[in-house]
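**Q** Have a look at this one.
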Amino acid sequence: MSTVLKWIGGKSTLMAEIGKVMPEGKRLIEPFAGSCAVTLNTSYDSYVVADINQDLIDLYRMVREQPDRLIALSRDLFSCCNSQDEYYRLRDVFNQRTCDHPTQAALFLFLNRHGYRGLCRYNKGKGEFNVPYGHYKKPFFPENEIHHLSKKLQKATLLCASFQETLALAEPGDVVYCDPPYIKKSRFTQYHSSGFDMAHQRELVARLEGLYEKGVSVVASSHDEPCMRDMYSAFQQKTLIAFRSVGVAAGDEKKANELLIHRPAKRTLLQVAG
């Protein structure tokens, strides 16, 4: 199923391969929710869908709790505001943060679908959404996708939290999937004002190694570079080819190698006794 949002690095096109390594478990925990492609395309008893981006989680709360109202508000924006002037006017309204939660969520969806290639980006100073207008003739309106995700999220706990806080919730028997912002030289990865750097990446790997020892199955995605292969040396690794339609600079190839990392849960004494 397609996602509600366009998302840089979204995993919809890679789910056939990712699904092959997703282990059994009762609960899936996603600390970097993004487009929710993995949650959408898996079948666990329950989910923890978390992200540090408050706008993203607020949208998903509207999708879960008031999908029809979100659709109505968003349809009005999509039908009358597809112009450069209207886009920047509504971006300013969004950044003022004076609207009620339903309207703010609809604005976020509008900006995602009308902004340049679905980027989600904030400036460091004021934390304002600063993606330019995308100049699309008729942006896709994800009505069916909203309804489908709404049903899926009935089984989910939604959290605006750091990956550290989210991973602390994992218990033996859980499955964790992590798709953090990718860190590459000269590439923009700031999709939240707090950022994500190499120190965060090293901390993430250390925490995932600890979860494995605790009896949690771990799956993660990363760009395929030597430093990442070294960092995830304790995990099984597989190279996937991703086709990028977002954030491709002039002269770059549109396909890129991604690293799929996975390690089934270590059987703890508690699990064996159970």
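**Q** Taking the condition within 15 Å of the chain's Cα centre (by Cα) and over 22 Å from Pro142 (Cα atoms), does Val48 pass?
**A** So Val48 fits the description; yes.
**Q** While we're on this one: Do any residues in the stretch 122-146 that are farther than 21 Å from Asp85 by Cα have Cβ atoms under 6 Å from those of residues that are of a type outside the set (A, V, I, L, M), where the two are at least six apart or on different chains, and which pairs are they?
**A** Listed by first residue and then by second, the contacts come to Gly127/Ser193; Glu145/Ser2; Ile146/Pro67.
**Q** How many residues, within the stretch 21-46, are of a type outside the set (S, T, N, Q), buried (at least 22 other Cβ atoms within 10 Å of the Cβ) and not in a loop (DSSP other than H, G, I, E, B)?
**A** Total satisfying the criteria: 5.
**Q** Right, here's the next one. Glu253: modelled with pLDDT of 95 or more, surrounded by fewer than 15 Cβ atoms within 10 Å (Cβ to Cβ), out of contact with any Cys (no Cβ under 9 Å at 6 or more places or on another chain) and of a type in the set (D, E, K, R), yes or no? Before you say what the answer is, go through the steps one by one.
**A** On the way: modelled with pLDDT of 95 or more: no; surrounded by fewer than 15 Cβ atoms within 10 Å (Cβ to Cβ): yes; out of contact with any Cys (no Cβ under 9 Å at 6 or more places or on another chain): yes; of a type in the set (D, E, K, R): yes.
Judged against the criteria, Glu253 is not a match.
**Q** Which one of these does Leu56 not meet: (1) over 21 Å from Leu211 (Cα atoms); (2) surrounded by 17 or more Cβ atoms within 10 Å (Cβ to Cβ); (3) over 12 Å from the mean Cα position of the chain (by Cα)?
**A** All conditions pass for Leu56, except number (3).
**Q** Starting from residues that are out of contact with any strand residue (DSSP E or B) (no Cβ under 8 Å at 6 or more places or on another chain) and assigned to a helix (DSSP H, G or I), keep the ones in the stretch 1-20 and report whichever is nearest to Gly118 (Cα to Cα).
**A** Among those residues, the one meeting the criterion is Ser12.
**Q** Here are some residues: Leu111, Leu90. Which one is of a type outside the set (Asp, Glu), assigned to a helix (DSSP H, G or I) and surrounded by fewer than 20 Cβ atoms within 10 Å (Cβ to Cβ)?
**A** Leu90
**Q** Considering (1) small (Gly, Ala, Ser); (2) buried (at least 18 other Cβ atoms within 10 Å of the Cβ); (3) within 30 Å of Pro264 (Cβ to Cβ), say which one Ala168 fails and leave the rest.
**A** Just one mismatch for Ala168, condition (2).
**Q** Now, a different point. Pick from Phe163, Phe141, Phe108: which is in contact with a Phe, Trp or Tyr (Cβ under 6 Å, 6 or more places away or on another chain) and at pLDDT 95 or above?
**A** The match here is Phe141.
**Q** Determine, yes or no, whether Met62 is out of contact with any strand residue (DSSP E or B) (no Cβ under 8 Å at 6 or more places or on another chain), assigned to a helix (DSSP H, G or I) and of a type outside the set (Val, Ile, Thr).
**A** So Met62 fits the description; yes.
To keep it simple, each residue is scored yes or no on (1) under 21 Å from the mean Cα position of the chain (by Cα); (2) outside the structural domain of Ala33 (by TED's automatic domain parsing); (3) part of a strand (DSSP E or B).
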{"site": "Phe196", "(1), (2), (3)": "yes, no, no"}
{"site": "Gln201", "(1), (2), (3)": "yes, no, no"}
{"site": "Val205", "(1), (2), (3)": "yes, no, no"}
{"site": "Glu209", "(1), (2), (3)": "no, no, no"}
{"site": "Glu213", "(1), (2), (3)": "no, no, no"}
{"site": "Val219", "(1), (2), (3)": "yes, no, yes"}
{"site": "Ser222", "(1), (2), (3)": "yes, no, yes"}
{"site": "Asp230", "(1), (2), (3)": "no, no, no"}
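The values are calculated or read from the model by the stated rules, or taken from the named source; none is laboratory data. These numbers come from a predicted model, not from an experiment. As a convention, Cβ positions derive from the backbone with ideal geometry for all residues, glycine included, and neighbour counts pool all protein chains shown.
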